[in-house]
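Here is the structure we will look at.
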Amino acid sequence: MDFELSAEQKEIQAFTRDFVRGEIEPHAAEWDREHHFPREVFAKLAELGLMGVCLPEEYGGAGADFLSYMLVIEELSRGDAGVGVTVAVHTSAVTLPLLRFGTEEQRARFVPPLARGELIGAFALTEAEAGSDAGALRTSATREDGGWRISGAKQFISTAEAAGTFLLFARTDPDTPGARGVSAFVLDADQIRVTGREEKLGLNSSTTNSIAVDTVVEADRLLHEEGKGFHVAMATLDGGRIGIAAQAVGIAQAAYDVAREYAKERHAFGQPIGRFQAIQHKLADMSMEIDAARLLVHRAAWLKQNDLPHTEAGAKAKLFASEMARRQTGEAIQILGGYGYTKEFPVERYYRDAKITEIYEGTSEIQRLVIARSILGLQERSLAAG
Ligand code: COS
C-alpha cells in the first residue's frame, strides 16, 4: 500500500495545474456566460499530450498510467468542468475502447489521431427513449453492400458538433430486444448530422448535441463482435465513470478553495467567519469528503490500470464523488452567503456544473443498482427479465 503519487504522476499533476491556472481559470466564467466551446484550449492540450495522456506512445499517446489521467481530469475540472468532461469523454469513452476492442487495423487507423488530439471523440449511446435503459436503443444497423446501413437518432451526445470520430451503438439484430442485439461502430463526422444543441443548467463550455445518422459504412467499421456492442458500452462506462468521479472531485475542490479563503477574509460580528464553529464544521466536512472521494477515485483507477475488476469500485467512486460534489458546492454557496449566489464568485457555477455528475455516464440510481448487483452477485440478471 502506497499513498504517495509517483514522481511522474506529480509532474503531470503540477504542469496540468499550471496550464489550468494560466489558460483555463481566467476564462471559465466568460465561457460559461457565453456558452463558448473553447476549441483553442483542446489544441493546446493536444500539444501538451493531454488529449491522450494514458494512451501508449506507439499509438500517439503520452504513455502515462490511468491514475495520471485521473489527476489531469481533476485539475482540468477544477478550472472548468466543461473542459474536463470533453477530455474525459474523448479519452475514456472513445479512444480507450477503440484501443481495447479494435482490431490491429482499427487501432492503427483510429487511435493515433485521437490520442494526438487531432480529432476529438464522441460517444453515441443514448437515445430519446433509451437513457438508463441503454439496451432499449433503436438506431438500426442492417447489412447492405457488404457493409452496414446505420439509421437513427441519438440524444445528449457530448461534443458531437466538434467531434471527428464517433463510437456509436446500433441494433444489428432487430429480433433480439434489449442489450443482446446491439453492436458498436466507428463513424466519421461526415457520416453524422448534428441536429441540435441543448441549453443546459451548467457545463456551458461543453456542447451537448442531438444527432441523426443515415449512412452506409464499410464492414470494417464494426468494432468488436457483432451483438457484443453492449459489452463494449458497459466496459467503456466502467472506466468512464471513474473519470466523472475525478471531474466531481475537481469541481468540489475548486468550491472548497474559494470557501476556505472566503472564511478567512470575511468578517462578521468582529471576526473572520472561519472562527465560528458553524463555518469550521462545514469546511471540515468538505475537506474530509473531498479526501474520501479522491481516495475512491484513486483506488478505482489503480484497479483499472492493473487490469483488475473495477465495475463496483468505479460505480462507488462515481456515486460518492458526484453526490459529494453536489452537496459540497451547495455548502460553499452557503459559506459565501448572498455573494455565493451571485456571479461575482464562481461557486454558483460549480454548483450548476456539479449536478450533471449525478446524471451522466449512469445516474446515481444506476450506480446503486450496479453496486447492489455486484455485492449480491447478481451481475448476470437482466433488468428486462424482471
Ligand atoms: N462489463 C461488461 N459487460 C457487461 C457489464 C460490464 N460492466 N455489465 C453488463 N454487461 C453485459 C452483461 O454480461 C450482459 O451480457 P450477455 O448478454 O452476454 O449476458 C449484457 O451486458 C447485458 O447486461 P444486463 O442484462 O445486465 O443489461 P440490463 O439491460 O439489465 O442493463 C444496466 C444493465 C442498467 C446496468 C445498464 O443498462 C446501464 O449501465 N445503464 C446505464 C447506461 C448509462 O450509463 N448511460 C449513460 C450513457 S453515457 S452519458
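Things worth noting here:
- Dipole axis of the chain (+1 Lys, Arg; -1 Asp, Glu on Cβ), positive-most option in 1, 22, 329: 329
- Averaged over its residues, region 121-227 has an accessible area of 43 Å² per residue, based on protein heavy atoms and a 1.4 Å probe.
- Take residue 242: with every protein chain present and a 1.4 Å probe, its accessible area is about 0 Å².
- Within the accessible area of the chain (1.4 Å probe), percent carbon and sulfur: 51 percent
- Integer Hz, Karplus 6.51/-1.76/1.60 couplings in order for region 237-243, x for Gly and Pro: 5, 4, x, x, 5, 5, x
- Cα shape, region 54-172, gyration tensor, a/c 1.5 rule: oblate
- Degrees, to the nearest 10: 104-115 long Cα axis against longest axis of the chain: 30 degrees
- Debye equation applied to the C-alpha atoms of region 121-227, log10 I(q)/I(0) at 0.15, 0.19 Å⁻¹: -0.57, -0.90
- Cβ-placed point charges (K, R +1; D, E -1), dipole of the chain about Cα centre in debye, nearest 20: 1000 debye
- Alpha carbon Rg of region 231-385, scaled by the compact-globule rule 2.2 N^0.38 Å: 1.19
- Using the Karplus relation 6.51 cos²θ - 1.76 cosθ + 1.60 with θ = phi - 60°, the per-residue 3J(HN,Hα) values for region 277-282 come to 4, 4, 6, 4, 5, 4 Hz, with x marking Gly and Pro.
- Cα-based helix-to-principal-axis angle, 25-34 vs the chain, degrees rounded to 10: 60 degrees
- Built amide H within the under 5 Å cut-off of residue 120, gap 5+: 164, 165
- Region 231-385 - percent relative contact order, Cα under 8 Å, separation 6 or more: 31 percent
- Dipole magnitude (debye, nearest 20) for region 150-219, charges at Cβ of Lys, Arg, Asp, Glu: 220 debye
- Residues residue 342 and residue 4, FRET efficiency given R0 of 45 Å [Cβ-Cβ distance, rounded to 0.05]: 0.65
- Anchor residue 264: lysines whose Cα lies under 25 Å away (excluding residues fewer than 8 positions away in-chain): 282, 343
- Rounded to the nearest 20, the size of the Cβ-charge dipole of region 99-189 about its Cα centre is 180 debye, with Lys and Arg at +1 and Asp and Glu at -1.
- Taking θ as phi - 60° and the Karplus parameters 6.51, -1.76 and 1.60, the scalar couplings of region 248-253 work out to 4, 4, x, 5, 5, 4 Hz in sequence order, x denoting glycine and proline.
- With the alpha-carbon atoms of the chain aligned to their principal axes, the span from lowest to highest coordinate is 79, 46, 43 Å, starting with the largest.
- Each of 268, 345, 302 was scored by the projection of its Cα onto the charge dipole of region 231-385, and the greatest displacement toward the positive side belongs to 268; charges sit on the C-beta of Lys, Arg, Asp and Glu.
- The C-alpha atoms of the chain define a longest principal axis, and helix 364-376 lies at about 70 degrees to it.
- Antiparallel %, DSSP beta bridges [both residues in the chain], to 5: 85 percent
- Set of lysines with alpha-carbon distance to residue 304 below 28 Å, sequence-local pairs under 8 removed: 10, 44, 228, 316, 318, 355
The values are calculated or read from the model by the stated rules, or taken from the named source; none is laboratory data. Bear in mind the structure is a predicted one, so any value in this text is a computation, not a measurement. Positions of Cβ are generated from backbone atoms using ideal geometry, with glycine treated the same way; all protein chains shown enter the neighbour counts. Accessible surface areas use protein heavy atoms only, side chains included; no ligands, DNA or RNA. Shrake-Rupley method; radii C 1.70, N 1.55, O 1.52, S 1.80 Å.
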